[in-house]
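Data first, discussion second: the structure below is written as structure tokens.
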There are 2 protein chains.
Amino acid sequence: MIRLRDSRVGMLLLMPVPLTDLPDTGNCIPENVRHLVCQTRHFVVENAKTARKIIKLLGHPLPLAQLQLSELNEHTPPDNIEALLDPAFDGHDIGLMSEAGCPAIADPGALLVKRAHEKGIRVRPLTGPSSLILGLMASGLEGQRFAFAGYVPANAMERRKRLLQLEQRSRHEDETQLVIETPYRNDAFLTTLLETLSPSTRLCVARDLTGHNEWVITRTITEWRQSSSPSLKGFPALFLFQAASHRQ
Amino acid sequence: MIRLRDSRVGMLLLMPVPLTDLPDTGNCIPENVRHLVCQTRHFVVENAKTARKIIKLLGHPLPLAQLQLSELNEHTPPDNIEALLDPAFDGHDIGLMSEAGCPAIADPGALLVKRAHEKGIRVRPLTGPSSLILGLMASGLEGQRFAFAGYVPANAMERRKRLLQLEQRSRHEDETQLVIETPYRNDAFLTTLLETLSPSTRLCVARDLTGHNEWVITRTITEWRQSSSPSLKGFPALFLFQAASHRQ
């Protein structure tokens, strides 16, 4: 049921957090967003430990013990999600935070946003770093059409099949494909990409975006095979590729 | 040919700009990004008039006449793009700016980024507002897989066909679809969406993101048909939808 908006009902504030653990947040969190975090007492977070560190880093004036932090992650039973919005009906704004970057994208936070819409709670997205957008901007690949496919299967044969399917889609739709992998598997994943994709496909690797080890390179698969690449191990990385289309 | 990086060569800085013309940029531009704009003298911009206004708003200390602003937009001949990078080889950083939001996404800036990679110029993406990410976060729709399709065809029959194709893709890939329209056509486009998509498809309309008239609502097509909606006319808007999948 859609309830009417009520000004005594709090908002759900979608709060991006830094992509790295650098102490200076001034390169990725706008000042007004930082202020909003500092004025909020009720948070729904992907990981309480990480969130406490970030909230402190952003200069929250209250002792952490006085803040209410509830976790929402892949272990949260779906039936428990609705109650996370209760503070809004007592007039409190609720801040939703992911472990890194923008909440509700590539994390379970979208379920909370969905419930907020169903209950007529205003949802307000705040500006901050998104590795997907930073990587896409920096790639020089097609930015008029793109798709984020998340993780690809771990099984070698299925992974190869999925990558070829995404490359085919890129060719047909003239669209950039974005995929991610867990940091410790990044180097192996790059090897698989170089073995699987067509020589003329352009691949961008974006490592440690906004961090001290940021490194963004776009080359054709042929060029990648001929050059050496620095290690990705331990760094967050994003992989983007675009197949050569008939139009090019 | 890939040239080796040279520290005397400037960088290409990808500078997001606000989505609205509100005087306070503190809700969307991080302080360090603002500083970088203020330290830059060479810009490549989609529209010189808009860019001058933004650069002034961000507090650039130099008179605008002392800055070098070159335009890159849909009228720029492809052969003229490479020369826009010349200042980098004199050791100057170059700032790339779109008319609104993040450069090189849904604008011609990606062509400059592509050339920069080819010439071995370091590309550094900066954090700022992206209507696509803000809208996706706030939609509560699937954030693990999504695709941006840009504009759909203007012709009524082709438009309907394309929307049904995207809805089909959303169903098969369990993926959120993002589309945009020019502001003056937004109300008519919403009507077409409500007439074309399936009753169980969830549609999000995100109007004037980060602005005073921000309004983000997600409903099923059935619910949209039964409710009244405020006007979208004159506001930038983003439309996102997700078909009910077999998994739901």
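The values are calculated or read from the model by the stated rules, or taken from the named source; none is laboratory data. If you're wondering where the values come from, they're calculated on a predicted model, not measured in any experiment. Note that we place each Cβ from the backbone using ideal geometry, even for glycine, and neighbour counts take in every protein chain shown.
The sole residue among A:L134, A:L112, A:L166 that is under 28 Å from B:N73 (Cβ atoms) and of a type outside the set (G, A, S) is A:L134.
Taking each residue of segment A:141-161 that is at the interface with chain B (Cβ under 7 Å from one of its Cβ atoms) and under 21 Å from A:I105 (Cα atoms) and looking for partners that are of a type in the set (V, I, T) and in a loop (DSSP other than H, G, I, E, B) with beta-carbon atoms closer than 7 Å, six or more apart or interchain, yields A:G143/B:I105. Note on segment A:104-115: among residues that are crowded, with 24+ Cβ neighbours inside 10 Å and more than 7 Å from chain B (Cβ to nearest Cβ), the one that is farthest from the chain's Cα centre (by Cα) is A:L112. Considering every residue within segment B:119-138, establish whether at least one is out of contact with any Gly (no Cβ under 9 Å at 6 or more places or on another chain), away from chain A (no Cβ under 14 Å), surrounded by fewer than 24 Cβ atoms within 10 Å (Cβ to Cβ) and not hydroxyl-bearing (S, T, Y). No - not one qualifying residue is present in segment B:119-138.
Considering only residues that are under 19 Å from B:D24 (Cα atoms) and touching a strand residue (DSSP E or B) at 6+ places or on another chain (Cβ under 9 Å), which ones fall in segment A:21-32? A:C28, A:I29 - these are the residues of segment A:21-32 that are under 19 Å from B:D24 (Cα atoms) and touching a strand residue (DSSP E or B) at 6+ places or on another chain (Cβ under 9 Å). Taken over segment B:54-76, the criterion of being within 19 Å of the chain's Cα centre (by Cα) and not in a loop (DSSP other than H, G, I, E, B) is satisfied by B:I54, B:I55, B:E71. In segment B:173-228, the residue that is farthest from the chain's Cα centre (by Cα) out of those that are within 11 Å of chain A (Cβ to nearest Cβ), more than 21 Å from B:E142 (Cβ to Cβ) and not in a strand (DSSP E or B) is B:Q226. When B:P125, B:P103, B:P108 are screened for being modelled with pLDDT under 95 and within 22 Å of A:C204 (Cβ to Cβ), only B:P108 passes.
Residues in segment B:20-39 that are more than 20 Å from A:A138 (Cβ to Cβ), at the interface with chain A (Cβ under 9 Å from one of its Cβ atoms) and surrounded by 14 or more Cβ atoms within 10 Å (Cβ to Cβ): B:T25, B:G26, B:N27, B:E31.
Looking across segment B:130-172, the residues that are hydroxyl-bearing (S, T, Y) and not in a strand (DSSP E or B) come down to B:S130, B:S131, B:S139, B:S170.
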